[in-house]
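The next block holds one structure in the form of structure tokens; read it before the comments.
Throughout, read-outs are computed from the coordinates displayed, never taken from laboratory work. The structure displayed is predicted, hence computed values, not measured ones. No Cβ is skipped: glycine too gets one built from the backbone with ideal geometry, and neighbour counts run over all protein chains shown.
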Amino acid sequence: MQRRGFLLLSLLALLALTSAVAKKKDKVKKGGPGSECAEWTWGPCTPSSKDCGVGFREGTCGAQTQRIRCRVPCNWKKEFGADCKYKFESWGACDGGTGTKARQGTLKKARYNAQCQETIRVTKPCTPKTKAKAKG
């Protein structure tokens, strides 16, 4: 009786293992970006609505085309795109003439073969000095 139970348990374990391996092979066969082709060229992430949020990115490789989901952050800088990642210096002093302060960024990473500038300069309005509120 114990032998039968052990055989039954072994058979169930073997079935579970082969099922898991088969599922893993199916996932590999379905493929994703780069499954059959090595040189994918990806376009920019295009939001589905408005100018930020969830959208799609199209890729081509030879005669193949694919669309993958992507997301454009809502605080991205349109001047240099969401696929160009920069390392920025600290903000400079406020320029009294223009009322803005500036900082420079150097390219850290270009995602999906994006065409990015090596260095960029961004500006923002100076914030007025606010007095700290006294706790009462």
Could you please report the charge total around Trp91, scoring K, R as +1 and D, E as -1 over all other residues with beta-carbon less than 10 angstrom from its beta-carbon? +2
Working out 0.36 nm times the residue gap between Val122 and Arg3, then minus their Cα-Cα distance, what length gain in nm do you get to one decimal? 35.3 nm
Pseudo-spin-label distance Gln104 to Lys85, built 7 Å along Cα→Cβ, given in nm, is 2.3 nm
